[in-house]
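Worksheet: the structure to be examined is printed underneath.
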């Protein structure tokens, strides 16, 4: 069976959920879960998500669950960036799940920072190639020197 984005979307709508986490200092995060007893299908979905550059993990529950006492598996995508990637690349047809995604994105300071950094990174790198210092780049882009250095120097795993 070929696993497509549309197949994953339908599978998520039927077997998945998005968990919203509220951390200290009012930071919001999220996790996408897809739970099923069929390891083969979840493994194929996991491979397709990896191919789409959506980080995910697949794990087996230790206890047998359900009426037939079958082993249950969870495929999950953690963090607001992972949820964002899943939503943008796969999506959902379920209105309630869509609202939960949007709630996480609207309330996530981290996501706003990542999206801003993604926009700034090419500009910062271009200005660095032209020989500008981080101080001059910061002035030109109206950001702090620390932000310019963070985005320009460090390995930024999301970008």
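All of the numbers you see were taken from the coordinates with simple rules; none came from a lab. The structure displayed is predicted, hence computed values, not measured ones. Here the Cβ is made from the backbone with ideal geometry for all residues, glycine too, and neighbour counts use every protein chain on show.
Observations on the model:
- Full-extension gain in nm, residue 95 to residue 4, via 0.36 nm per residue minus C-alpha separation: 30.7 nm
- Relative contact order computed over the stretch 112-152 (Cα-Cα under 8 Å; 6+ residues apart), in percent: 41 percent
- The stretch 65-149: C-alpha gyration tensor shape, a/c 1.5 cut-off, then a/b vs b/c: prolate
- Nearest 10 degrees, 0 to 90: helix 95-107 Cα axis against the chain principal axis: 30 degrees
- Choice from 74, 38, 13 with maximal GNM fluctuation in the chain (Cα, 10 Å cutoff): 38
- Net lengthening on full extension, residue 40/residue 133 (0.36 nm per residue, minus Cα-Cα): 28.3 nm
- Principal-axis tilt of helix 109-129 within the chain, Cα atoms, nearest 10 degrees: 40 degrees
- Across the stretch 112-152, the volume of the C-alpha convex hull divided among the residues equals 53 Å³ per residue.
- Projecting the alpha carbon convex hull of the chain along each direction and taking the average yields 11.9 nm².
- Between residue 58 and residue 125, full extension at 0.36 nm per residue minus the direct alpha carbon distance yields a gain of 20.5 nm.
- Remark: 103, 134 ranked as 103, 134, counting other beta-carbon atoms within 10 Å and listing the fewest first.
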